[in-house]
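Peer 1: Would you mind keeping the following structure in view while I ask a few things?
A short reminder: the numbers here are calculations on the coordinates, not readings from a lab. In this text, all values refer to a predicted model and were calculated from it rather than measured experimentally. Heads up, the Cβs are rebuilt from the backbone with ideal geometry, glycines too, and the neighbour counts pull from every protein chain shown.
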Amino acid sequence: MTQSPHPASTQQRRSRLRSPFVWLLIATVAFIAAGCNAYPQNIFEPKSEFAQTLDDLFKLILWAAAFVFVVVEGALVYAAIKHRARPGDPLPKQVHGNKYLEIAWTVLPAIVLGVILVPSTQAIFETQAPAPADSLKVRVIGHQFWWEFEYLDLGVRTANEIRMPIGRTLSLEETSADVIHSFWIPALGGKRDVVPGRTNFLWWTPRETGTFPGQCAELCGYSHANMRMRGIVQTQAEFDAWVEQQKAPAQVPPPNTDAAKGAELVQQRCASCHAIGGTAAQARVGPDLTHLASRTTIAAGVLDNTPENLKRWISDPSAIKPGALMPKLGLTDDELNQVVAYLSQLQ
Ligand code: CUA
């Protein structure tokens, strides 16, 4: 016969709390939780009317669910305590069916569901309606593992950072160049799948300026987690200035400089995948580099856009983003420095 385990004594429990393992676990969890602040993707601070609609709905359903939880669990706990078996109790009276209870537990859930149903249906229709005609139209194309943004009426194409003016509706037409991704900037709008061969729509009107982190929200390969983006809401004047800058062709570096040598190398080694406005490079496999230096991050939001990071990225893309389609070019250190010198001046 095996011995049945005894419940832990108070002393045992105390000594478990003193174990370094427990504290290490607590410290690890706290450390990981603190990491959430570094890239705050927060659905609870809505910055557009779309995100506000979702937030209102979420909170309503949360309160409705909390009400159901308290009522049901309260009744359960009350019944379990009041009617618990005591030594010598006879078998209680056996009953079947109770008209009033049956009516109550049919009507009450119906009311709760009604409270949730009406605003949910409203929110579905609101968020599926066509965007206003005067909205700013952007085509979103998901790629493994980066985002392409094409401003349809402005002739601007960029990557991984989607800029928009405050107060004007931004209307997105979303599709994918390869597999299914999902476009999600939590503070601005709900998730929308980005599917090859079809176009999904999403629109919102930002109501606060700022930079709002986003992320691909559909497992799409090795570097799904490294497929980030940023929504940047600006004043109309700032946005207009950005558009003017983006429409210009690429800066031409002064002759006989490192940057000029870099420009030649880029035309030889990068032009089969990337476009650089005003040059022969016009491919669209990878991000448009015409104004690469004007973006705050590189590698789909994974690294800050600094010359050091650019060099790290170009020297071995897969080391930073496993599964990235960009190959290791095998450039020498001098060549790398020249390419970085060129790309860093593409404002
Ligand atoms: Cu793209 Cu996950």
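Peer 1: Please list 3J(HN,Hα) in residue order for the stretch 253-266, calculated via the Karplus relation 6.51 cos²θ - 1.76 cosθ + 1.60 where θ = phi - 60°; whole Hz, with x for glycine and proline.
Peer 2: Each residue's phi maps through the Karplus curve to give x, x, x, 6, 10, 4, 4, 5, 5, x, 4, 5, 4, 4 Hz.
Peer 1: To the nearest 20 debye, what is the magnitude of the charge dipole of the stretch 170-284 about its Cα centre, counting +1 on the Cβ of each Lys and Arg and -1 on the Cβ of each Asp and Glu?
Peer 2: Numbers: 10 positive and 11 negative charges, 36 e Å.
That gives a dipole near 180 debye.
Peer 1: Right, next: Quick check: Cα centre of the stretch 262-307 to Cα centre of the stretch 184-246, how many Å?
Peer 2: Their Cα centres are 20 Å away from one another.
Peer 1: Another question, if that's okay. What are the ³J(HN,Hα) couplings of the stretch 323-340, residue after residue, when phi is run through the Karplus curve with 6.51, -1.76, 1.60 and θ = phi - 60°? Round to Hz, x for glycine and proline.
Peer 2: Listing the rounded values in order: x, 4, 6, 5, x, 7, 8, x, 6, 6, 4, 4, 4, 4, 4, 5, 4, 5 Hz.
Peer 1: When we measure straight from the Cα of LYS93, which lysines land under 29 angstrom away, once same-chain ones fewer than 8 places off are left out?
Peer 2: Result set, ordered by chain and number: LYS82.
Peer 1: For the stretch 235-340, please report how many Lys pairs fall under 22 Å Cα to Cα, leaving out neighbours fewer than 8 apart on the same chain. Display every interim value, and only then the final one.
Peer 2: Working: LYS261/LYS311; LYS261/LYS328; LYS311/LYS321; LYS311/LYS328.
Qualifying lysine pairs in the stretch 235-340: 4.
Peer 1: For the stretch 117-232, with the dipole built from +1 on Lys and Arg beta-carbon atoms and -1 on Asp and Glu ones, taken about the Cα centre, which of GLY210, PHE125, PRO196 lies farthest toward the positive end?
Peer 2: GLY210
Peer 1: Let me ask you something else. Give the lysines reachable from LYS59 as a straight Cα distance under 26 Å; neighbours fewer than 8 places away on the same chain don't count.
Peer 2: LYS47, LYS191
Peer 1: By per-residue mean of other Cβ atoms within 10 Å, what is the highest-first order of 56-64, 80-88?
Peer 2: Working: 56-64: 13.6, 80-88: 7.2.
Ranked by mean Cβ neighbours within 10 Å, highest first: 56-64, 80-88.
Peer 1: Here's another thing I want to ask about it. Does the stretch 276-347 come out rounded, prolate or oblate by the C-alpha gyration tensor, with a ≥ b ≥ c the root eigenvalues, rounded set by a/c under 1.5 and, if not, prolate when a/b is larger than b/c and oblate if not?
Peer 2: Details: a/c = 1.26, a/b = 1.21, b/c = 1.04.
Verdict is rounded for the stretch 276-347.
Peer 1: Excluding GLN246 itself, calculate the net charge of residues whose Cβ lies under 12 Å from the Cβ of GLN246, where each Lys or Arg counts +1 and each Asp or Glu counts -1.
Peer 2: Details: positive: ARG157, ARG163, LYS247, ARG295; negative: GLU150, GLU161, ASP240, GLU244, ASP288.
That works out to -1.
Peer 1: Taking K and R as +1 and D and E as -1, what net charge do the other residues with C-beta under 14 Å from the C-beta of ASP304 add up to?
Peer 2: Values: positive: ARG228, ARG230, ARG295, LYS311, ARG312; negative: GLU161, GLU308.
Combined, the nearby Lys, Arg, Asp and Glu give +3.
Peer 1: So for each of 266-276, 227-237 I average, over its residues, the number of other beta carbons within 10 Å; can you give me the resulting order with the highest mean first?
Peer 2: With the highest mean Cβ count within 10 Å placed first, the list reads 227-237, 266-276.
Peer 1: Just how large is the dipole of the chain about the Cα centre, in debye to the nearest 20, putting +1 at every Lys and Arg Cβ and -1 at every Asp and Glu Cβ? Walk me through the numbers on the way to the answer.
Peer 2: On the way: 31 positive and 31 negative charges, 352 e Å.
Rounded to the nearest 20 debye, it is 1680 debye.
Peer 1: Based on the alpha-carbon gyration tensor of the chain, what equivalent-ellipsoid semi-axes (square roots of 5 times the eigenvalues) come out, in whole Å, largest first? Provide the component values of the computation, followed by the final result.
Peer 2: Numbers: eigenvalues 585, 179, 54 Å².
That gives 54, 30, 16 Å for the three semi-axes.
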